[in-house]
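Okay, so here's the structure we're looking at.
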Amino acid sequence: MEISNNIFYKCASKKVPELDGQKIFKILAKVEMEHASVWKKILKLNKVEIPKYDKCAAKYKPNLEESHSREDRAIKFYGQAAAEAENPRVKEIFEAFVEVETDHLHLSEARLK
Ligand SMILES: [Fe+2]
Ligand SMILES: [Fe+2]
């Protein structure tokens, strides 16, 4: 999920004409890659393939809408994981992710008004 979000944001940051969009999508791409790295470390994964992706929209609004649904999915996923986690430290990590992804959701919400 984090890799998928990273490549979507990278794509969107390159395609949208608005500077504001280029900036926020670039920052979001970076944060999602950091999230992927955290899981890579925790799960002791070897090399993770980053697929090429260019299917994002060329305009700002549809990318904001996609961002919104991706962040909504991330919040639900981590929220569910936090609820199910038995280890308190693991629960804490999932809850921290819910918070960050909620901040991301607000970025698109503020711009879709
Ligand atoms: Fe994330
Ligand atoms: Fe996010």
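Here are the numbers:
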quantity	calculated
Segment 41-73, residues that are charged (D, E, K, R) and either assigned to a loop (DSSP other than H, G, I, E, B) or more than 13 Å from ligand 1 (Cβ to nearest atom) (or both)	LYS41, LYS44, LYS47, GLU49, LYS52, ASP54, LYS55, LYS59, LYS61, GLU65, GLU66
First in segment 6-30 and more than 11 Å from LEU64 (Cα to Cα), second anywhere and acidic (Asp, Glu) and away from ligand 2 (no atom under 16 Å from the Cβ), Cβ under 8 Å, 6 or more apart	CYS11/ASP54
Selection from segment 1-36 of residues that are assigned to a loop (DSSP other than H, G, I, E, B) and either within 12 Å of ligand 1 (Cβ to nearest atom) or surrounded by fewer than 20 Cβ atoms within 10 Å (Cβ to Cβ) (or both)	MET1, PRO17, GLU18
Pair list, Cβ < 6 Å and 6+ apart or interchain, from segment 31-57 residues that are modelled with pLDDT of 95 or more to residues that are among the β-branched types (Val, Ile, Thr)	ALA36/ILE3; LYS40/VAL48; TYR53/ILE7
Count - residues of segment 37-89 that are surrounded by 10 or more Cβ atoms within 10 Å (Cβ to Cβ) and closer than 12 Å to ASN5 by Cα	13
Some residue of segment 94-106 being away from ligand 2 (no atom under 13 Å from the Cβ) and surrounded by 13 or more Cβ atoms within 10 Å (Cβ to Cβ)	yes
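The values are calculated or read from the model by the stated rules, or taken from the named source; none is laboratory data. Predicted, not measured: the structure shown is a model, and the values here were computed from it. Here the Cβ is made from the backbone with ideal geometry for all residues, glycine too, and neighbour counts use every protein chain on show.
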